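Computed from the coordinates by the stated procedures, all read-outs in this text should not be read as laboratory data. Since we're looking at a predicted model, the values are computed, not measured. With ideal geometry, Cβ positions are generated from the backbone for all residues, glycine too; neighbour counts draw on all protein chains shown.
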Amino acid sequence: MKFTVLIAVALFAAVHIGFAQDKKPSSKLSGREQRKAMHVRDSVLQSFNKSDTSINNLLQRLQQYTTTFNQINSSLSEELDTADISQQLPPTARRIAKIKAQANTHKSSTLRYLFVLRDNLDHLQSKLEDWQTDLDTINNKLVQNQTDLLRFSKDSLLIKTVPSDSLLKHTFFAQRKAARQLWHKADSANRSNLFKINLLQNKVTIAYANILDETDQIDSKVKKFAARAVNGEFGYIWDIDPAYNDTKTALNSTINLNNTALYYFIKSETLLHFTGLLFIVIVFVWILYNRAKAKRLNEDETIFAQANYIYKQPVISSLLVGIAIIPYFYDHPPVAFLELFFLVSVILVLLLVKKNMPRALFNALHQLFYVTLVYSVSNLLIQITNIDRFTILFLSIASITIALAFSKKVKKAPEDYLPHTELVLRIFTGLQILSLLCDITGRFSLAKIIGITAVYNLWLLVSLYFVVNIITEGLFLQFQAKKNADNIIGWIDYTLLQTKFRKILSTLAALLWLFFLFQNLNIDDLATDYVTDILSQSRTVGGASFTFGGFVVFIAVIWLSSVMSRIISYLYDVSAEHANYITSLKKKNRTSTLLIRIGVITIGFLLAVAASGFPMDKITIIISAFGIGIGFGLQNIVNNLVSGLILAFEKPIQIGDIIEVDTRSGTVKEIGIRSSKLATADGAEVIIPNGDLISHHVINWTLSNNNRRVELIISVVYGSDIEKVKTILQSILNKRDDIMKQPEPLVFLHNLSEKSVEFRVLFWAADIGQWLTLKSNVLTDIYIVFEKEGIEMPLPQQEMHLTLPEQVSLTNKNSPGPGQ
């Protein structure tokens, strides 16, 4: 019908126009007839376009559905990324069941056995959490697919619409049929995969719940064991219990359990193993490279006296740094793995002590090394035996003996040994005595924990001492290699950096030692949970909720921001001290450090607020309170802050400029947020509020350049040849290379005073910092040349007026009197 109407309209228009042309070729339709014909054509075309657009929209929607179904079928045709989970889940479930069975045996009466089982459960829990995350991602994707599929089945417009045109009807039904076939295929595959994923998720959830239940049971046993260990597990040491004589079974069980733990650990932590190996290589290359470069550039042996460990034992030093730090890369590694790295680091420490420390210290540590070996074997045992009880007893006695013998030698010359050696030995001896008493009174587990903690942490203390010194020596060699280079590293004061960096390293070493102490005492998890609960617990004050954790984060971010601000300020100060190495443009740009510092502190404050969880809308309250503070007593502070911003943007002065403010003059060393620092010529540093630099009259000698005009007044006696004097002065100025040629130096007859003829000498110094030296040199030249040419300079003269009383005459006492 649409095509028929269009053809009829077209024929009617053509015939009408043809007849009109035949009748009157030049005639035109009237305006009313033209508007009527146009309305007829528009109504027909609009009707057709409306129908066509509706069908086209349906066809486009079918095309979109078809594309979506093809994408779903394409993604589902590939295997879901769950093959590893499906394969590893059954052995993981069996391993969980085995741990559960082992936790219920009599072997679990030892603390070491319980901690080994809990470490295994922690690793399995981490793995299951990763599986749950992966499965949730896949499930969400399948659920989205199902949503898209349901949208097609509920699209009533596509189902009920029947095009009236026969050609469009055929096309529409064909495409809808093809889309429906794709929908059935995609819906069936998606439902099947969704069922499999849900089933796998249920299995993982069940395994995860079993781990949580078993972990809770083991934690309960640990708490009961701790109470039993304090109250006493056995009788006195001489009351031997025959039930604990089976040493062979204890050794076999220990070997089997540790082998299993190591196998799963090595297999599951491949990435961390590679990272640790890479860390050792980086430290090794860094130390050897800096040592070789510093040795090539510096032949002075005194430099290597400050890098004694690296210079004498570079390989041992680099290995010690890597091996001492790598165990902290892992989360609850097996005890056998930790002890392996620990014993290697102990051997490296012994080698360093042998080459660099007194012989008495090496002998004491050497004896303690064998005690440590036996302690390490005892620490791996997962069952209590009578032999182990006596072993711990003898190890405590041996440790006390070694410590007391070494303490006598330390008291004779404490300065020859490591810092705080006496205090460390006292603490070590006290812990070993406590371990001995606990073992004797039947508290064997507590005695073992205390004895092992004392020995291990003593070695760790010595090891961290060497690690801190080796890293500091490596930085020293790094700076020595760059000392003469024209870069920022060569300008930094190493002494200051060493002091700051050593404090940071010492703090980190103390934290690591404390962590290792908690780990040896088997209270690291308990302490972590306790601290986490304190930090994460929500508290409410005045209607606002907060947590101590958020407060700690806030303080930490603010502190880091201030540290970054000080580092930036220090680097700019360093560059200011070496201004002759940089262009004047860069010198001016150093003033922008104020903007950078303000930006860092502002960003740090906003990040601290966001990271601490503090509501952003509460900032308005703080700003309001700050405004009230300004109104009452902070006007001057705010004035100085705003003045600092003006100085940063307008830059009327820059770091390195020589200025005069009121009666003070000097070089600008720092432009701070509130005040600026001015270094005077006599070595003093004047702190000037930024407000004074804006409101007072400031003379900037180096605003546009570093030139300064020097003026001299030279006097000669009357009778001197004026032209000769002017010629001599001009010649002296022209001969000097340190006087600027443009503007040229000038000599004028300045004044005719009562006693001399005065000449005014003007010349320019290129560097304002050298103008006093230049002035002195020019005066020296003038004096020498005047003396050679016979030109006299007036001597200082003073007139004295003496008034005598009446009847007093000035006579010479030695002159002869009348008649003589």
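A simple spin-label model places the labels of H273 and S665 7.4 nm from each other, with each point 7 Å out along Cα-to-Cβ. 3J(HN,Hα) couplings calculated from phi for segment 602-607 with the Karplus curve 6.51 cos²θ - 1.76 cosθ + 1.60 (θ = phi - 60°) are, in sequence order, 5, 4, x, 5, 5, 5 Hz; Gly and Pro show x. A prolate overall shape is assigned to segment 346-488, the ratio a/c of its alpha-carbon gyration tensor axes (a ≥ b ≥ c) being 1.5 or greater and a/b exceeding b/c.
Calculated FRET efficiency, S74 and Q306, Cβ-Cβ r, R0 56 Å, to nearest 0.05? Step by step, r from the Cβ atoms, then E = 0.25.
Just list whichever of K98/K448; K724/K788; K221/K267; K127/K221; K726/K755; K127/K203 have alpha carbons separated by over 21 Å in the model shown. Going by Cα-Cα distance, K98/K448; K221/K267; K127/K221 fall outside the 21 Å limit.
Expressed in nm to one decimal, what extension gain is obtained for the pair Y465 and V374 from 0.36 nm per residue of sequence separation less their Cα-Cα distance? The partial results should precede the final answer.
Working: separation 91, 0.36 × 91 = 32.76 nm, distance 2.42 nm.
Separation in residues times 0.36 nm, less the Cα-Cα distance, equals 30.3 nm.
Using a cut-off of 29 Å between Cα atoms, the listed pairs K408/K503; K100/K223; K141/K169; K154/K196 include K408/K503; K141/K169 as exceeding that distance.
Reported to the nearest whole Å, the Cα centre-to-centre distance from segment 387-452 to segment 255-284 is 32. Under a 5 Å amide H cut-off, with hydrogens placed 1.01 Å from N, I655 pairs with T591 among residues at least 5 apart or on other chains.
Assuming R0 = 25 Å, what is the FRET efficiency of R191 and D130, from their Cβ-Cβ distance, to the nearest 0.05?
On the way: r = 26 Å, r/R0 = 1.06.
Plugging the Cβ-Cβ distance into 1/(1 + (r/R0)^6) gives 0.40.
In order along segment 721-731, the phi-based Karplus estimate (6.51 cos²θ - 1.76 cosθ + 1.60, θ = phi - 60°) of 3J(HN,Hα) comes to 6, 4, 5, 5, 5, 4, 5, 5, 5, 5, 5 Hz; Gly and Pro are listed as x. Taking a ≥ b ≥ c as the square roots of the Cα gyration tensor eigenvalues, with a/c under 1.5 meaning rounded and otherwise prolate when a/b beats b/c, else oblate, which class fits segment 260-385? Note, shape of segment 260-385 comes out oblate. Computed from backbone phi with θ = phi - 60° and the Karplus coefficients 6.51, -1.76 and 1.60, the 3J(HN,Hα) list for segment 92-99 is 5, 5, 5, 5, 4, 5, 5, 4 Hz; x is used for glycine and proline. Under 5 Å between amide hydrogens, built in the peptide plane, is the criterion, and for S675 it picks out N690 among residues at least 5 positions away or on other chains. Could you give the distance between the Cα centres of segment 662-734 and segment 320-366, to the whole Å? So the separation of the two Cα centres works out to 63 Å. Amide H contacts under 5 Å for V710: F763, W764, A765, restricted to partners 5 or more places along the chain or on a different chain, H placed in the peptide plane at 1.01 Å from N. Shown is the FRET efficiency for N363 and L288, computed with R0 = 35 Å from the Cβ-Cβ distance and rounded to the nearest 0.05: 0.70.
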